[in-house]
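**Student:** Shown below is the structure under consideration.
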Amino acid sequence: MDQKSPPSVSGLEPSETRARGVADHKAAVEWLKARGIQDVECIVPDQAGVARGKLMPTEKFARSPSITMPTSIFAQTIAGDYPPEDGEFVYDPTDGDLIFDPDYSTLAIVPWASDPAAQLIHDARHKDGRPVDHAPRNVLKRVVELYERKGLRPVVAPEIEFYLVKPNTDPDYPLEPPIGRSGRPEIGRQSFSIAAVNEFDDLFDDIYDYAEAQGLEIDTLIHEEGAAQMEINLLHGDAVDLADQVFLFKRTLREAALRHKMYATFMAKPMSGEPGSAMHIHASLVDHESGKTIFSDDEGNPTKEFFYFIAGHQKYLPAVMCILAPYVNSYRRLERFSASPTNVSWGYDNRTVGLRVPHGPPAARRLENRIPSSDANPYLAVAASLACGLLGLEEGQHPDDPIDGSASSLPFGLPRDLLNAVTLFEECEPLSDIFGKSFVSTFRAIKQAEYETYMRVISPWEREYLLLNV
């Protein structure tokens, strides 16, 4: 992961021809006019990473680019419910409006829209100007700011796995692989198969076209182990920008798949008997003054800061597991003797551990966090991983010895269920100091409410084994 700063908006091509991002409101109006844009999607990532927002005619956006939405928008569960109040989590009694201001660096077209449309990510603030502490994008910005105070800039590169599946309109039926151009569904294991990717050439042509139109920088596309399971890697860069790209890419992939009469899913474990899907996060740190990585010294050797960064992940990853694996389904992915890690061990080029150090030149030394699942909110997942590393730098502890062989038989080093993970997060004071009490209490309440919703559903396993046997 070559260490170079992302280009500034002002250093790119003229705003009217740029794929994504402009400098300010005036440039945005020019950009929209040059493309004949009729509507602007003013979008906000919620706690689940779902795009919420409003559709605004371009003329109105030109006059007033900010929008308002109720405070409860950041307290919705994935089912659309709202958790009950308790001692720590309370609602604004009026459910008054928050103000959402556009981040003009995110302006891009909506390439799948039937009429010319653009999209623009907005940030949440209170009426007095304070950022909304528990808004996911603000959470990540706060973690990045803590690094900036130390003169450091995080550089990240996400890898996102997903499945293509047949349309499924009845949730009682299991998901199935889609039909490719051969007219047959995929069976068996097809890791890194070019032919298996070619089965969906038309779909991936659209994905690449949509990504290019939005300025999303895809590095590579591969076929993963599962049936119709794919992975797309994004080029490394600024942490907030890469989280934006993952957020936009998920929307893009779902829309492209629907055009080809299939679904794209980021569920962590969508099909029994198939591998789970991850969102691996590669991270390194660059010194602001020198522009060089702090993970390698002048002779190319790993620095103490690199090992502190690893140690922080080892110590605190279990406590952020509810962010990295945010749903009941997420924990089905974590199986021994599979590609999914079950521990916080680390090793050099070792895919059986939770923390892998890939081979590469000293300037590209980085840590790959293999624990997050693909269903995680990218803003929160990146924030959680970086928060662990930040605490490692501050505490200055050393990690365990690296694992040379397989770590698959080691004891579980991670929570096995959502409720336990939520408890660990809520009780970890160093992480609460970073994320803020408002976010911790809100996220905890949402996850507990989602678990209660899950417990109301009787599964096929229960009917199969309990109906007549107990």
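The values are calculated or read from the model by the stated rules, or taken from the named source; none is laboratory data. Please read all numbers here as calculations on a predicted model, not as lab measurements. Positions of Cβ are generated from backbone atoms using ideal geometry, with glycine treated the same way; all protein chains shown enter the neighbour counts. Just so you know, the surface numbers come from the protein's heavy atoms only, side chains and all, with ligands and any DNA or RNA stripped out. Shrake-Rupley method; radii C 1.70, N 1.55, O 1.52, S 1.80 Å.
**Student:** Compare the Cα positions of Gln76, Gly276, Leu152 along the charge dipole of the chain (+1 at Cβ of Lys, Arg; -1 at Cβ of Asp, Glu; about the Cα centre) and return the one farthest towards the positive end.
**Tutor:** It is Gln76, whose Cα lies furthest towards the positive end.
**Student:** Where Lys and Arg each count +1 and Asp and Glu each count -1, what net charge lies around Arg184 among other residues with Cβ under 13 Å from its Cβ? If you can, show how the numbers build up before the last one.
**Tutor:** Details: positive: Lys166, Arg181; negative: Glu176, Glu186, Glu199.
Charge balance near Arg184 sits at -1.
**Student:** OK, next. Any idea how far the Cα center of region 163-197 sits from the one of region 198-247, in Å?
**Tutor:** Here the two parts' Cα centres lie 18 Å apart.
**Student:** What percent does the relative contact order of region 175-312 come to when contacts are Cα pairs within less than 8 Å and at least six residues apart?
**Tutor:** Working: 135 pairs, mean separation 22.7, N = 138.
Relative contact order for region 175-312 comes out at 16 percent.
**Student:** If you scale each eigenvalue of the Cα gyration tensor by 5 and take the root, what three semi-axes come out for region 213-270, rounded to whole angstrom and sorted largest first? Kindly include the intermediate steps, with their values, before the conclusion.
**Tutor:** On the way: eigenvalues 84, 40, 23 Å².
Over the Cα atoms of region 213-270, the semi-axes work out to 21, 14, 11 Å.
**Student:** Which listed residue (Tyr316, Phe337, Val353) has the Cα farthest towards the positive end of the charge dipole for region 210-364, taking +1 on Lys and Arg C-beta and -1 on Asp and Glu C-beta about the Cα centre?
**Tutor:** Phe337
**Student:** Based on Cβ point charges of +1 for Lys and Arg and -1 for Asp and Glu, what charge dipole magnitude is obtained for region 284-368 about its Cα centre, in debye rounded to the nearest 20? Numbers along the way, then the final one.
**Tutor:** Details: 10 positive and 9 negative charges, 116 e Å.
Taking the Cα centre of region 284-368 as origin, the dipole is about 560 debye.
**Student:** Something else: So for the chain, considering every pair of alpha-carbon atoms, how many percent are separated by more than 35 Å? Don't skip to the answer; put the middle values down first.
**Tutor:** Working: 34542 of 110215 pairs.
Tail of P(r) above 35 Å: 31 percent of Cα pairs.
**Student:** Right, something else. If you place +1 on the Cβ of every Lys and Arg and -1 on the Cβ of every Asp and Glu, how big does the dipole about the Cα centre of region 232-391 come out, in debye to the nearest 20?
**Tutor:** Values: 17 positive and 15 negative charges, 175 e Å.
It works out to roughly 840 debye.
**Student:** What shape does region 45-172 have by the C-alpha gyration tensor, where a ≥ b ≥ c are the square roots of the eigenvalues, rounded means a/c under 1.5, and otherwise prolate means a/b greater than b/c and oblate the rest? Provide the component values of the computation, followed by the final result.
**Tutor:** Details: a/c = 1.15, a/b = 1.10, b/c = 1.05.
Note, shape of region 45-172 comes out rounded.
**Student:** A follow-up question, please. Helix-derived [θ] at 222 nm for the chain: sum -39500 (n - 2.57) over DSSP H runs of at least 4, divide by residue count, nearest 500? Walk me through the intermediate numbers first.
**Tutor:** Details: 13 runs with 148 residues, N = 470.
Counting only the DSSP helices, I get -9500 deg cm²/dmol.
**Student:** Follow-up. What is region 70-125's relative contact order, in percent, from Cα pairs under 8 angstrom and six or more apart in sequence? Don't jump to the answer; show the numbers that get you there.
**Tutor:** Working: 59 pairs, mean separation 16.9, N = 56.
About 30 percent, as a whole number.
**Student:** Using the structure shown, list the pairs from Lys250/Lys447; Lys292/Lys437; Lys33/Lys150; Lys127/Lys150 with a Cα-Cα distance above 32 Å, or answer none. Write down the numbers at each step before the final one.
**Tutor:** Numbers: Lys250/Lys447 22 Å; Lys292/Lys437 34 Å; Lys33/Lys150 41 Å; Lys127/Lys150 30 Å.
In this structure, Lys292/Lys437; Lys33/Lys150 lie more than 32 Å apart at Cα.
**Student:** When a/c is below 1.5 the answer is rounded, else prolate if a/b is larger than b/c, else oblate, so apply that to region 401-454 with a ≥ b ≥ c taken from the square roots of the Cα gyration tensor eigenvalues. Please report the intermediate quantities before stating the final value.
**Tutor:** Working: a/c = 4.09, a/b = 1.64, b/c = 2.49.
Oblate, since a/c reaches 1.5 and b/c is not below a/b.
**Student:** Filter the DSSP H helices in the chain by two things, a Kyte-Doolittle mean of at least 0.5 and an axial alpha-carbon span of 24 angstrom or more, and list the hits by number. Present the calculation step by step, with values, prior to reporting the outcome.
**Tutor:** Numbers: long enough: 239-259 (30 Å, 0.20); 378-395 (26 Å, 1.19); 437-455 (27 Å, -0.45).
Span-like helices in the chain: 378-395.
**Student:** OK, next. Carbon and sulfur atoms: what percent of the 1.4 Å accessible area of region 351-413 do they account for?
**Tutor:** On the way: 1060 of 2180 Å².
Exposed carbon and sulfur together represent 48 percent of the surface.
**Student:** How far apart, in nanometres, would the label points at Asp170 and Glu462 be if each is projected 7 angstrom from Cα along the Cα-to-Cβ direction?
**Tutor:** Here the modelled spin labels are 2.1 nm apart.
**Student:** Another question about this same structure. Taking Cα centroids, how far is region 61-80 from region 93-146 in Å?
**Tutor:** A separation of 9 Å, based on Cα centres.
**Student:** By how many nm would the segment from Tyr451 to Ser193 lengthen if fully extended, with 0.36 nm per residue of separation less the alpha-carbon distance?
**Tutor:** Full extension of this stretch gives 89.1 nm more.
**Student:** Still on this structure: Using only Cα atoms, what is the ratio of the radius of gyration of region 316-470 to 2.2 N^0.38 Å?
**Tutor:** Here the Cα radius of gyration is 1.16 times the empirical estimate.
**Student:** In what sequence, highest mean first, do 62-74, 149-161 appear when ranked by Cβ atoms within 10 angstrom?
**Tutor:** Values: 62-74: 15.6, 149-161: 19.9.
Result, highest mean first: 149-161, 62-74.
**Student:** Taking 8 Å as the Cα distance limit and 6 or more residues as the minimum spacing, I'd like the relative contact order of the chain as a percentage. Intermediate results must be reported in sequence, preceding the final value.
**Tutor:** On the way: 946 pairs, mean separation 77.2, N = 470.
The value is 16 percent.
**Student:** Give me the dipole magnitude in Debye, nearest 20, for the chain about the Cα centre, with unit charges on the beta carbon: positive for Lys and Arg, negative for Asp and Glu. The partial results should precede the final answer.
**Tutor:** On the way: 46 positive and 71 negative charges, 61 e Å.
So the dipole magnitude of the chain works out to roughly 300 debye.
**Student:** A further question follows. Tally Lys/Arg at +1 and Asp/Glu at -1 over every other residue whose Cβ is under 13 Å from the Cβ of Ala311; what's the total?
**Tutor:** On the way: positive: Lys304, Lys315; negative: Glu305, Glu394, Glu395, Asp400, Asp401.
Every neighbour counted, the sum reads -3.
**Student:** Also, quick follow-up: Can you give me the Cα centroid spacing of region 387-458 and region 278-304 in angstrom?
**Tutor:** For region 387-458 versus region 278-304, the Cα centre distance is 25 Å.
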